[in-house]
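The values are calculated or read from the model by the stated rules, or taken from the named source; none is laboratory data. This is a predicted model, so every value here is computed, not measured. All Cβ positions, glycine included, derive from the backbone under ideal geometry; neighbour counts span all protein chains shown. Areas reflect the complete protein model, heavy atoms only, side chains present, ligands, DNA and RNA absent. Shrake-Rupley method; radii C 1.70, N 1.55, O 1.52, S 1.80 Å.
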Amino acid sequence: MAAPPLCRLVLTHLLVALFGMGAWAAVNGIWVELPVVVKELPEGGPSTSLRVRTPGAEEEEEASPLQEPPGQAAGTTSSSDPKAHQLFSARSACLLGLLAVTNALTNGVLPAVQSFSCLPYGHLAYHLAVVLGSSANPLACFLAMAVLCRSLVGLCGLSLLGMLFATYLMTLAVLSPCPPLVGTSAGVVLVVLSWVLCAGVFSYVKVAVSSMLHGGGRPALLAAGVAIQMGSLLGAIAMFPPTSIYHVFHSGEDCVDLCGS
């Protein structure tokens, strides 16, 4: 059978790229607009349900540039090593656990408190955290294309680093509307930098884990998809009561100094 013309291959690749970018624009565009509409939302921040209804294709697209060639993946699957066929080995279970936890944080927990952690430092800080945080996502994917960590210990270390940033951001949200360094440039820099690094680290971990699981073939990819969706769902459900029922987090008021500064 003759190979398809070069122009047809170029057109096919271009259409696939445009399709992928369309999904990115749809997902990230919602969050980039949040600083504009946040005042109109009844709870003063992104409702958790908004994230649940967002298409879940983002994580799959992150891994697609790093997927191994079919021949290489097939060679991995047909290895004589029986451990290569054990989807639920200790290593695979750890990778799936990392994937679930990181998606629970990035897709459910952290988006629910982003406005509470950023708005005390001003709308500019909120805007920069959303825009630069969204930019850190694809940049981390490009970094993973060049330097991919395949060490489980290394990925666990990166996850702990991301959780450190996430803990700081959650602390700021809990202390809202009077978190530390409010009203200072240092506070703005720290909150924006924490959001950017947190998003970048977790995006890198998700891409690396997905790429490693890709070698396990279809069962591993199916398990990865389940871990992504279940983690996102559990993270969103966990944050719904404190944000929308018990109102654990509090927003400031315009032109009102609640911190006595």
- Positions within the range 138-188 being assigned to a helix (DSSP H, G or I), of a type in the set (Gly, Ala, Ser) and open to solvent by 70 Å² or more (accessible area, probe 1.4 Å), in sequence order: 146, 185
- Message: With the structure loaded, tell me whether residue 130 is at negative phi, surrounded by 22 or more Cβ atoms within 10 Å (Cβ to Cβ) and not small (Gly, Ala, Ser) or whether it fails that test.
- Response: yes
- Could you check, for the range 132-154, whether at least one of its residues is hydrophobic (A, V, I, L, M, F, W, C), under 26 Å from residue 234 (Cβ atoms) and without any contact (Cβ under 8 Å) to a residue 40 or more places away in the chain? yes
- Task: Out of 251, 203, 210, report the one residue that is surrounded by 24 or more Cβ atoms within 10 Å (Cβ to Cβ), polar (S, T, N, Q) and closer than 20 Å to residue 129 by Cβ.
- Result: 203
- For residue 228, indicate whether it is in a helix (DSSP H, G or I) and surrounded by fewer than 15 Cβ atoms within 10 Å (Cβ to Cβ). no
